[in-house]
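*Asks:* Mind having a look at this structure? Questions to follow.
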Amino acid sequence: MANILMVVSAADSLTMKDGSEHPTGFWAEELVVAHQTLLDAGHTVHIATPAGAKPTVDQVSLAAESAGGEDRAKGFRDYLASIDGELSNPLVLAGVDPSAYDAIVMPGGHGPMADLYKDADLGRLLAAADKAGKVIAPFCHGPAGLLSATDDDGTFVFAGRRLTVFTNEEELGGGTGENTPWLVEDALKEKGAVIENGAAWTSNVVRDGNLITGQNPQSSEDVAKEVLKALG
């Protein structure tokens, strides 16, 4: 069985274009579905955050209208409660040995736009994992974390790679809208990533070798399943 590192944002707010603070964190569906799918398959999943801080769930993601009904919302709340011990004591990202893991999975929520996109420790992990051919699987806003990874000469590690991410259309139409401080899709394109997005709010998974990416919350289960396939 594989050892999987789940890197989760430790941010609890995002500074918006107008300077206001927007409460955020990780998106419940994304963490819960991926964590449960990988765990149920018999793999070991360790959660890591910047500085080992307990991650914050975006409360909007626990609302019935966002979760797809009250039953699903309750399921997410119950699952998060069941792993609260792990969430309360995550690994410190700076202390993680990349050689100890077979895959790095990164769920989204707007949190990665506040911390993971510029986290040097994450960048080190991703660069080492990619060089070793380990599975790297961010989804929704999780691919913001890829922006942290540069080679010694400053080159973006994932330049020229095919991937998907929460789209500009989804962000502007159903995310944080025109007040969004920056758009992850645009930032990845500017760094040289090749974006392959599908229809808004439908599952879309893109695999380019060891890099597996998902477009939105609807892609959570399919990303986890693709990781399972990649792990064999």
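The values are calculated or read from the model by the stated rules, or taken from the named source; none is laboratory data. Predicted model only: the values in this text are computed from it and were never measured. Ideal geometry is used to build each Cβ from the backbone, glycine not excepted, and the neighbour counts take in all protein chains shown. The area values use the complete protein model at the heavy-atom level, side chains included, leaving out ligands, DNA and RNA. Shrake-Rupley method; radii C 1.70, N 1.55, O 1.52, S 1.80 Å.
*Asks:* If you plug each phi of region 59-66 into the Karplus form 6.51 cos²θ - 1.76 cosθ + 1.60 with θ = phi - 60°, what whole-Hz ³J(HN,Hα) values come out, in order, with x for Gly and Pro?
*Replies:* 4, 4, 6, 9, 7, 4, 5, 8
*Asks:* List the residues, sorted by chain then number, that are 5 or more residues from Met6 or on another chain and whose placed amide H is less than 5 Å from its amide H.
*Replies:* His46, Ile47, Ala48, Val105
*Asks:* Taking Cα atoms of region 1-147, Rg/Rh with Kirkwood Rh, to two decimals? Before the final figure, lay out the partial values.
*Replies:* On the way: Rg = 14.7 Å, Rh = 15.3 Å.
That ratio is 0.96, to two decimals.
*Asks:* Could you derive backbone 3J(HN,Hα) for region 126-137 from the dihedral phi with the Karplus parameters 6.51, -1.76 and 1.60 (θ = phi - 60°), listing whole Hz in sequence and x where the residue is Gly or Pro?
*Replies:* Residue by residue, region 126-137 yields 5, 4, 5, 5, 5, 4, 8, x, 6, 5, 10, 9 Hz.
*Asks:* While we're on this one: Calculate, for the chain, the solvent-accessible area per residue in square angstrom, rolling a 1.4 angstrom probe over the heavy atoms of the protein chains.
*Replies:* Details: 9390 Å² over 232 residues.
It amounts to 40 Å² per residue over the chain.
*Asks:* Additional query: Using a simple charge model, +1 on the beta-carbon of Lys and Arg, -1 on the beta-carbon of Asp and Glu, nothing else, what dipole does the chain show about its Cα centre, in debye to the nearest 20? Can you show the working numbers first?
*Replies:* On the way: 16 positive and 34 negative charges, 108 e Å.
The dipole magnitude comes to about 520 debye.
*Asks:* Another one. For region 32-48, in order, what is each residue's ³J(HN,Hα) by Karplus, 6.51 cos²θ - 1.76 cosθ + 1.60 with θ = phi - 60°, in whole Hz (x at glycine and Pro)?
*Replies:* Using θ = phi - 60°, the values come out as 5, 5, 5, 4, 5, 4, 5, 5, 5, 7, x, 8, 8, 10, 10, 9, 10 Hz.
*Asks:* Taking the Cα centre of region 141-232 as origin, work out the dipole magnitude from +1 charges on Lys and Arg Cβ and -1 charges on Asp and Glu Cβ, in debye rounded to 20. Walk me through the numbers on the way to the answer.
*Replies:* Working: 7 positive and 15 negative charges, 70 e Å.
Result for region 141-232 is approximately 340 debye, rounded to the nearest 20.
*Asks:* List the pairs from Lys191/Lys229; Lys74/Lys118; Lys131/Lys225 whose alpha-carbon separation is above 31 Å, in the order I gave them. Numbers along the way, then the final one.
*Replies:* On the way: Lys191/Lys229 28 Å; Lys74/Lys118 33 Å; Lys131/Lys225 23 Å.
Result: Lys74/Lys118 exceed 31 Å.
*Asks:* Determine, for each peptide in 162-175, 58-71, the mean count of other beta carbons within 10 angstrom over its residues, then list the peptides with the highest first.
*Replies:* Numbers: 162-175: 20.1, 58-71: 14.9.
My ranking of the peptides, most packed first, is 162-175, 58-71.
*Asks:* Rounded to the nearest 20 debye, what is the charge dipole size of region 91-186 about its Cα centre when +1 sits on each Lys and Arg Cβ and -1 on each Asp and Glu Cβ? Each step should come with its number before you reach the end.
*Replies:* Working: 6 positive and 15 negative charges, 60 e Å.
So the magnitude is around 280 debye.
*Asks:* Considering only Thr167, Ala10, Asn89, whose Cα is most displaced toward the positive end of the charge dipole of the chain, charges sitting on Cβ of Lys, Arg (+1) and Asp, Glu (-1)?
*Replies:* Going by the charge dipole, the pick is Asn89.
*Asks:* Skipping prolines and chain starts, which residues have an amide H placed within reach, meaning under 5 Å, of the one on His110, given they are 5 or more residues away or on another chain?
*Replies:* Gly25
*Asks:* Counting only protein heavy atoms and using a 1.4 Å probe, what share of the accessible area of the chain belongs to carbon plus sulfur, as a whole percent? The partial results should precede the final answer.
*Replies:* Working: 4570 of 9390 Å².
Heavy-atom surface of the chain belonging to carbon and sulfur, 1.4 Å probe: 49 percent.
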